[in-house]
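See below for the structure under consideration.
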Amino acid sequence: MKKNCMVILLLLATFNAFAQERDSIALRRFAPGDLLRERIEYKGFMITFRTEAGRDYRFDILMDNKPVEYGFPNPLPFSRGIRRKDDAYKIAQWIINEYQKTGHWKHTMPPHIARELKIESN
C-alpha cells in the first residue's frame, strides 16, 4: 500500500512539473510592446502611445513623468481595440477632460461619445 501511494505521488509530481509552460508566469504579465517614442502634452498631462505587437494602440497618461492611473487597455466597450493613433489621442483627451470635470478617471468610453468623436471601432 505504501509503495502504491509513493508511486502515485511521484507520478502526480512529475505530471505537475511537466504540465506547466516554461515561463508561464511571465506569459501572463503584460508586455508593453513597441514604444512609439511619441509623447504629446495635453492640459498639463503627458500622453504616451504604445502599440502591442503592431495590433492596436494603447496609451498612458502621465503627470510629472509618473503614471496617474493604470488600466487604459481598451476603453471602448465591445471592440477589439484602438486601431488608429489619432483615435487613441481623442480617447485620451476625453479621459483627461472627464477627469478634470469629475475628479475621477473613466476607464470606458460610452459608445455615443465614440460616435460623436468619429472613432473607428471594430
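The values are calculated or read from the model by the stated rules, or taken from the named source; none is laboratory data. What you are looking at is a predicted structure, and each value in this text was computed from that prediction instead of being measured. Using ideal geometry, Cβ is built from the backbone for each residue, glycine included, and neighbour counts are taken over all protein chains shown.
Among the residues of segment 71-93, which ones are on the phi > 0 side of the Ramachandran plot and either surrounded by 15 or more Cβ atoms within 10 Å (Cβ to Cβ) or assigned to a helix (DSSP H, G or I) (or both)?
Taking segment 71-93 first, the residues on the phi > 0 side of the Ramachandran plot are 71, 78, 81.
If the condition is that a residue be on the phi > 0 side of the Ramachandran plot and either surrounded by 15 or more Cβ atoms within 10 Å (Cβ to Cβ) or assigned to a helix (DSSP H, G or I) (or both), then Gly81 is the only one that fits.
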Failed item, numbered, when His107 is tested on (1) part of a loop (DSSP other than H, G, I, E, B); (2) exposed (fewer than 12 other Cβ atoms within 10 Å of the Cβ): (2)
Test: residue in segment 43-65 that is in contact with a Ser or Thr (Cβ under 6 Å, 6 or more places away or on another chain), at pLDDT below 80 and exposed (fewer than 12 other Cβ atoms within 10 Å of the Cβ): no
